[in-house]
């Protein structure tokens, strides 16, 4: 415009360079103020002179790289972060500090450095337009550079976090294996490694889903189901150890034994997420940690042998007899069929007869008591017992203990121990 002085296109850059020179001289003082500010602003950063000194050291290194790049006019996309910044990302990952906290620290640092630079602009020797142009250029450069650096820091954080988590999981796996194997393990040391107090009451669980689902989504479902169990029997928290993409072991630590009915309540409904669960008996201490897990593993073996539907919760206390036999399926089948004879047929009518006979034996041969429990007429009980007698391999008066065990195995294990052949004509 006519009459207006020509604009110096390099004036803003000279203002920025002069401010960068001034800030470099004051960098330690500025970083000390930033360290104090960060200690107050970020709860996840521990307080203390050692931490503040570390912040000053790392902040100085990053700020000097920033200032040198500004003075040279280096493209911000090509400026590499300081090694101290990369190691800081690894440190926070190892401490379990969330990634969002790391990113917030960097953007707070950016704002602090830009403000310090603007405070050192030569306001007396430059026009408002030059100062505004310098502010815009500085802010743009700073945000682009910080975006590049935080991207690098995020990648490094995730890699470090993955290494840390993997290492911690392997250490937990080794410790749990030692505990379950009955090795001489110091309880306090083991509790520290597991981040789980072993001097407590424990409820062991095995959780699984059918193979074929998405691995990431499946593991989340299993972990969520374990957390559900902890919430239902708690208060407590779950220690989780993955065994495969579709199976985990879990323990719920509690300050006392579960309330009456809490464990039974877990089995009152089928899980709608398709996660099958086997639950052990509550137990105490490092030995109880092993016992309740073994219970859950045995209950899971029964569920697998019986081919229970997905989503069922199997309590060890409900299948403890079957669990004793389930480790040897062939022998269990021979025992059941040897006791039940043709009553081991895998059909609905035989199942009704077996259920009636089991209650009849539990009620010591009382047709009336059996009828009351089953909600049927005593004459129906008599007819079913008569039909069962005709099918059994032994006289009903003989080996009643073995017969009751065989009936319970048939109920718990179903088709896996029954005879699929057509029953004998009645």
Run the numbers for residue 355 and residue 195: contour at 0.36 nm per residue of separation, minus the present Cα-Cα distance, in nm. 52.9 nm
For a footprinting-style exposure proxy, rank 32, 72, 159 by other Cβ within 10 Å, fewest first. 72, 159, 32
Calculate how steeply helix 400-413 sits against the longest principal axis of the alpha-carbon atoms of the chain, using the helix alpha-carbon long axis, and give the answer as 0 to 90 degrees to the nearest 10. 40
In this structure, the FRET efficiency calculated for residue 43 and residue 382 from their beta-carbon separation, with R0 = 56 Å, to the nearest 0.05, is 0.15
Give me the three principal axis extents of the chain from the C-alpha atoms, as integers in angstrom, largest value leading. 120, 54, 35
At what distance in nm do the modelled label points of residue 107 and residue 420 sit from each other, each positioned 7 Å from its Cα along Cα→Cβ? 6.2
Cα centroids of the stretch 327-396 and the stretch 62-94: how far apart, whole angstrom? 79
Debye log10 I(q)/I(0) at q = 0.10, 0.11, 0.21, 0.24 Å⁻¹ for the stretch 224-332, Cα point scatterers: -0.27, -0.33, -1.24, -1.57
Inter-centroid distance (Cα atoms) of the stretch 104-123 relative to the stretch 130-190, Å: 26
Tilt relative to the chain, helix 99-119 - C-alpha long axis, 0 to 90 degrees, to 10: 10
At R0 = 25 Å the Cβ-Cβ FRET efficiency linking residue 177 and residue 99, nearest 0.05, sits at 0.20
Identify the residues of the stretch 285-299 with backbone N under 14 Å of a label point that sits 7 angstrom from the Cα of residue 312 along the Cα-to-Cβ direction, or state none. 299
Taking Cα atoms of the stretch 13-91, Rg/Rh with Kirkwood Rh, to two decimals? 1.02
Report Rg(Cα)/(2.2 N^0.38 Å) for the stretch 134-205, keeping two decimals. 1.98
What share of all Cα pairs of the stretch 11-163, in percent, falls into each consecutive 5 Å distance bin? 1, 9, 19, 21, 20, 14, 8, 4, 2, 1, 0
Between helix 215-233 and the chain: long-axis angle, C-alpha atoms, 0 to 90°, nearest 10: 70
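As a test, work out the antiparallel percent of DSSP beta bridges whose residues both lie in the chain, rounded to the nearest 5.
85
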Note the full-extension length gain between residue 264 and residue 137 as 0.36 nm times their separation in residues minus their Cα-Cα distance, in nm to one decimal. 38.9 nm
Computed over the stretch 130-285, the ratio Rg/Rh where both radii use C-alpha atoms and Rh is Kirkwood: 1.20
Neighbour-count ranking [beta-carbon atoms within 10 angstrom, fewest first] of 29, 348, 283: 348, 29, 283
Taking 0.36 nm per residue of separation between residue 71 and residue 324 and subtracting their Cα-Cα distance, the length gained on full extension comes to 83.3 nm
Please list the radius of gyration and Dmax for the stretch 328-416, considering alpha-carbon atoms only, with Å as the unit. 12.3, 39
Ranked by Cβ crowding within 10 angstrom, fewest neighbours first, how are 251, 149 ordered? 149, 251
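Any read-out appearing in this document is the output of simple, stated calculations on the displayed coordinates, not a laboratory observation. Just so it is clear, the structure is predicted and the values come from calculations on it, not from any experiment. Using ideal geometry, Cβ is built from the backbone for each residue, glycine included, and neighbour counts are taken over all protein chains shown.
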